[in-house]
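One structure is given here, and the rest of the page talks about it.
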DNA sequence: CTCATGACTAGCT
DNA sequence: TAGCTAGCCATGA
């Protein structure tokens, strides 16, 4: 039996996102050793109940909040991100221009 | 088995 | 940047 399930590795990858930083669904999947499983990450998050999990740091590849615009979760995520010093406009996280050259730089150091 | 659904992506216009 | 399309994968009917 595997030491860690896919879900556990994904949760670990999410918990590893530093405060004030964000990561994409695909990135989380990749870091968890599950390339191409972005939708699995989304599935895990939708069913998550751990209040300690920094789920608000997970965004879509285009930097937008994945939840339905205007929904309760959407507002909560935007609120938490701003609370960590990030600029959120129209459900979209704006990153410093100097570091937006590539995704790797965009999402911060591994 | 097929079909629909969803906190997804990448490519093209 | 926005809109559309096709591909993707796990679940449940």
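Every number in this text was worked out from the coordinates using simple rules, so none of it is lab data. In this text the structure is predicted, and so the values were computed from the model without any measurement. Positions of Cβ are generated from backbone atoms using ideal geometry, with glycine treated the same way; all protein chains shown enter the neighbour counts.
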Pairwise label distance in nanometres, residue A:64 with residue A:80, each label 7 Å out on the Cα-Cβ vector: 2.0
State, to one decimal in nm, how far the label point of residue A:92 lies from the label point of residue A:50, with both points 7 Å from Cα in the Cβ direction. 3.2
